[in-house]
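Colleague: Starting off with a structure, shown below.
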Amino acid sequence: MIQIEHLTKYYGQKLAVDDISFSVGEGEVVGFLGPNGAGKSTTMNMLTGYLSYTSGKCSIDGIDILENPSEAKRLIGFLPEQPPLYYDMTTREYLQFIYDLKRCTLNRREHIDEIIDVMGLQEMEKRLIGQLSKGFKQRVGIAGALVSDPKILIFDEPTIGLDPRQIIEIRELIRALSKDHTIILSTHILPEVQAVCDRILIIDRGRLIADEKTENINTLASENRRFTIQILGPKGEVFTFLRKTEGAAKVEFLSSSKDGASLFMVQCKKGYDLRRTLFYALAEKRWPILEMSTVGASLEDVFIALTK
Ligand code: ADP
């Protein structure tokens, strides 16, 4: 469905995307993950024909995006990092405007009704976009990407700037859309791709450093188990005790509370899970555990594990 070969982009002297190759099959949901400045937006913009590239090749369903941009673009619905919304149009007017702009051929009324329905925008259709919450603006942006009835959807940082509830809603919508679309989603948040993608591409400083199934990344992340633990006991002694426990890779003191309890972050060595060990050992010491909570692996952990 999407084929990228040796894609490279220089902005003047600055190398932003460095010889990237990958392909995405029909129906796949692929996460494009990397820290800020890694080259995600640049790649998304080249993939969607919004930006030319310095060298390489990029084709959509066999159609070269530079040679045949309008035909290739017809297959793609794109939600850029900042969706181009017109704040003085209502939701419905905006979707009608895009419909006309893209010269859609489906029944105008039925098609737009259906999109409004799928995106849960029924109550917002007569409201001015400028007056909608950020979460609803993002839904209108996604609705706009759906108007041309594309097979492929490309989302650039779709949840940036949203509150936690809106993030969950947008992720659920993307998951629903993944049933009948090929999707590429760029993000700098690891749990985001873990939540919605089958496969993860990791980009760092313009280079593709990993192309893995999500389950493999999850395994990798769980091999570097981390948790926080709150312990009632003498802070210094507890800290030394934790650090000396076999299987502890790193122990960090986080905070202490008025009742004399201290909070630590424990990172286990590969293959170790210290939760049980510490439960028994601290009970023996008579230093009660008040709380223990697993912390998901960070993007940094996965980077370190992958680049080792
Ligand atoms: P990401 O989306 O992963 O945050 P970008 O693709 O936006 O990364 O940027 C990749 C690199 O290219 C960054 O170092 C950024 O500063 C640089 N860059 C992006 N756009 C431009 C531009 N228009 N001119 C010059 N440098 C740019």
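Colleague: Using a 10 Å cut-off around each Cβ, can you sort 156, 198, 163 from fewest to most neighbouring Cβ atoms? Present the calculation step by step, with values, prior to reporting the outcome.
Modeller: On the way: 156 23, 198 16, 163 12.
Result, fewest neighbours first: 163, 198, 156.
Colleague: Compute the long axis of helix 91-101 from its Cα atoms, compare it with the longest principal axis of the Cα atoms of the chain, and write down the angle in degrees, 0 to 90, nearest 10.
Modeller: The answer is roughly 50 degrees.
Colleague: Okay, moving on. Kindly write out, for the range 128-140 in residue order, the coupling ³J(HN,Hα) from the Karplus curve 6.51 cos²θ - 1.76 cosθ + 1.60 (θ = phi - 60°), rounded to whole Hz, with x marking Gly and Pro.
Modeller: Once rounded to whole Hz, the list reads 5, 4, x, 9, 7, 5, 4, x, 6, 4, 5, 5, 5.
Colleague: Dimensions of the chain along principal axes (Cα, Å, largest first)?
Modeller: Dimensions of the chain along the principal axes of its Cα atoms: 74, 45, 34 Å.
Colleague: With runs of 4+ DSSP H residues as the only contributors, calculate the mean residue ellipticity of the chain at 222 nm using -39,500 (n - 2.57) per run, divided by the residue total and rounded to the nearest 500. Don't jump to the answer; show the numbers that get you there.
Modeller: Working: 11 runs with 110 residues, N = 308.
So the helix-based figure for the chain works out to -10500 deg cm²/dmol.
Colleague: List the residues whose amide H sits under 5 Å from the amide H of residue 19, counting only those 5 or more places along or on another chain, with H placed 1.01 Å from N in the peptide plane.
Modeller: Answer set, sorted by chain and number: 8, 9.
Colleague: Across 10 Å bins from 0, what is the distribution of all Cα-Cα pair distances for the range 1-143, in whole percents?
Modeller: Using 10 Å bins, I get a P(r) of 10, 34, 31, 21, 3 for the range 1-143.
Colleague: Would you give the gap between the C-alpha center of the range 47-83 and the C-alpha center of the range 235-308, rounded to a whole Å?
Modeller: 47
Colleague: Within 10 Å of each residue's Cβ, count the other Cβ atoms and sort 266, 140 from fewest upward.
Modeller: Values: 266 23, 140 26.
Fewest-to-most ranking of 266, 140: 266, 140.
Colleague: Amide H of residue 77 versus every other amide H placed in the peptide plane: which residues, excluding those fewer than 5 positions away on the same chain, fall under 5 Å?
Modeller: HN-HN under 5 Å from residue 77: 152, 153, 154.
Colleague: How big is the antiparallel share of DSSP beta bridges in the chain, given as a percent to the nearest 5? Show your work: numbers first, answer last.
Modeller: Values: 41 of 59 bridges.
Roughly 70 percent of the DSSP beta bridges within the chain come out antiparallel.
Colleague: Enumerate the calculated ³J(HN,Hα) couplings along the range 258-274 in order (Karplus 6.51 cos²θ - 1.76 cosθ + 1.60, θ = phi - 60°), each rounded to whole Hz, writing x wherever the residue is Gly or Pro.
Modeller: So the Karplus estimates, Gly and Pro as x, are 4, 6, x, 8, 10, 10, 10, 10, 10, 10, 8, 5, 3, x, 9, 10, 7 Hz.
Colleague: What whole number of Å gives the distance from the Cα centroid of the range 153-220 to the Cα centroid of the range 1-35?
Modeller: Each part reduced to its Cα centre gives a spacing of 15 Å.
Colleague: For the chain, find the longest principal axis of its Cα atoms and tell me its angle to the long axis of helix 235-244, 0 to 90°, nearest 10.
Modeller: On a 0 to 90 degree scale, this one is about 80.
Colleague: Residue by residue through the range 34-47, what is 3J(HN,Hα) from phi via Karplus (6.51 cos²θ - 1.76 cosθ + 1.60, θ = phi - 60°)? Round to whole Hz and write x for glycine and proline.
Modeller: x, x, 4, x, 6, x, 5, 4, 4, 5, 4, 5, 6, 4
Colleague: Please arrange 214, 54, 48 by counting, for each residue, the other beta carbons lying within 10 Å of its beta carbon, fewest first. Don't jump to the answer; show the numbers that get you there.
Modeller: Values: 214 18, 54 13, 48 23.
Fewest-to-most ranking of 214, 54, 48: 54, 214, 48.
Coordinate-derived values only; no laboratory data. Here the structure is a predicted model, which means the values were calculated and not measured. Positions of Cβ are backbone-derived with ideal geometry, glycine not excepted, and every protein chain shown enters the neighbour counts.
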